[in-house]
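The values are calculated or read from the model by the stated rules, or taken from the named source; none is laboratory data. Fair warning: this is a prediction, and the values are worked out from it, not measured in the lab. Heads up, the Cβs are rebuilt from the backbone with ideal geometry, glycines too, and the neighbour counts pull from every protein chain shown.
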Amino acid sequence: MFDYDSRQLQCLAVSLLDNCFGGLEFFVGLYLHMKNYGLLTIMLLIVGCDNTAQPDALSSHHSEIAAKNVELLILENSHVSLAVSPQMGGRVLELSLNGKPNILSVGDAVALKPEPEVTASADNIAYLGHTVWLGPQSEWWKHQQVNSARRDAAAAWPPDPWLVQSKNTVVGHSERLVEFAGVPSPVSGVQLNKRFSLDPIHPSRVKVAAEAINIHETENVSWDIWFNTRVNAGTKVYVPVDEESSLRKQTPFSDSASPLTYAIKDNLFTLLTPPPDAGKNERSGKFFIQPSQGWLAAFNDDQLLIIQFPLLDKSLIHPEQGHIELYMQYTGDKSEQGLLELEVHAAYKTLQPGKRMAAEETWILLPYLGGNDEASRLSFLQREIIRLGALY
């Protein structure tokens, strides 16, 4: 499904060596594959890989979800743990440092309805976790023939059921890699494939990739790949920006809601979480952001998630969307019970029949032992950004 670069071939090499299958066949096959890329120094690729074995038993929170008729595939090393399911559109349900709580928000629907009937009239199911959409949202139901009411209304909700509810096929699974093949969608006109992999050199990093293929025989499709990672609204998020003109604000979705509030300090945008205004019961809304660097950061208690991605010029992003989008909703003063979506859009492209496009982001998960105050978080974040160095 995916085309592999040298780093991904390194992961593949180590994974296959760990399984100890077909030694000679493996090296011959790897040599021929790498020869096509002009990469003949096989041993140099293998040296230095983190070779931590995966534990035999599931951790307690993995076991709890798996016991609820949810099929889980676990990627785990000495630092980070990831649980993904081919159900519900091929979805990440857990992400954490080893021994720490899941930082993703996951809905009750995961246990109640992990394999729904997928139809053109299906409504949204609040599984949450991490998933992939297509942008722009205004086009979701405009180019299909299976639900005329949604097409005629130019419905912007719900998301394509075939992309977010169908069970994917597991086409690759090792200690460090899971690959899913999605279901061809009559709504979006694409098949959406996904790959999740642990970085063999940096144990704190997870690679998240998606590939969209135009399934039509004669029609073009135009979309962007849209990563959406859900956490609780008490998570403190930071985005690098050059100036306030990099922001576009969407008003609340309800008359009973107050707008979101924010601050910019040292060229870092952050959402604030004061209680709603008098007479209102929640705060909600969305920000569309053109970042100055290819990352965003989210502090969730004693864990820091940095989402890293290739920084794109604003001209490559669909004008209705943002390179980064932050949706937040919470009630009262209990922001930790609300929802925050960390969204990243890739370039908007037109695909001819049978053609494909891909996008990826890297998750860097780090322990945070500092204070629960702005100054401590910013000091730690600035040190880590400098230390990581290789951010886009």
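For the stretch 66-125, which residues satisfy the criterion of being among the polar types (S, T, N, Q) and more than 17 Å from Asn168 (Cβ to Cβ)?
Of everything in the stretch 66-125, those that are among the polar types (S, T, N, Q) and more than 17 Å from Asn168 (Cβ to Cβ) turn out to be Asn77, Ser78, Ser81, Ser96, Asn98, Asn102, Ser105, Thr119, Ser121, Asn124.
For the stretch 182-214, which residues satisfy the criterion of being of a type outside the set (S, T, N, Q), more than 16 Å from the chain's Cα centre (by Cα) and in a strand (DSSP E or B)?
Hits for the stretch 182-214 are Val190, Ile213.
Would you be able to tell me the number of residues in the stretch 239-273 that are modelled with pLDDT of 95 or more, touching a helix residue (DSSP H, G or I) at 6+ places or on another chain (Cβ under 9 Å) and part of a loop (DSSP other than H, G, I, E, B)?
1
Can you spot a residue in the stretch 98-108 that is in contact with a His (Cβ under 8 Å, 6 or more places away or on another chain), of a type in the set (A, V, I, L, M, F, W, C), modelled with pLDDT of 95 or more and not in a loop (DSSP other than H, G, I, E, B)?
no
Got at least one residue in the stretch 217-233 being in the same structural domain as Thr331 (by TED's automatic domain parsing), not in a strand (DSSP E or B) and not basic (Lys, Arg)?
Scanning the stretch 217-233, I find at least one residue that is in the same structural domain as Thr331 (by TED's automatic domain parsing), not in a strand (DSSP E or B) and not basic (Lys, Arg), so the answer is yes.
Return a yes/no flag: does the stretch 340-351 have any residue that is surrounded by fewer than 21 Cβ atoms within 10 Å (Cβ to Cβ), in contact with a Pro (Cβ under 6 Å, 6 or more places away or on another chain) and part of a loop (DSSP other than H, G, I, E, B).
no
Within the stretch 110-139, take every residue that is assigned to a strand (DSSP E or B) and not aliphatic (A, V, I, L, M) and give me the one that is surrounded by the most Cβ atoms within 10 Å (Cβ to Cβ).
Looking at residues that are assigned to a strand (DSSP E or B) and not aliphatic (A, V, I, L, M), I get His130.
I'm told Asp277 meets every condition in (1) closer than 23 Å to Gly135 by Cα; (2) without any contact (Cβ under 8 Å) to a residue 40 or more places away in the chain; (3) assigned to a loop (DSSP other than H, G, I, E, B) except one. Can you identify the failing condition by its number?
Condition (1) is where Asp277 drops out.
Looking at (1) in a loop (DSSP other than H, G, I, E, B); (2) within 22 Å of Pro252 (Cβ to Cβ); (3) not charged (D, E, K, R), which one does Gly354 not meet, given that it meets all the others?
Among (1) in a loop (DSSP other than H, G, I, E, B); (2) within 22 Å of Pro252 (Cβ to Cβ); (3) not charged (D, E, K, R), the lone unmet condition for Gly354 is (2).
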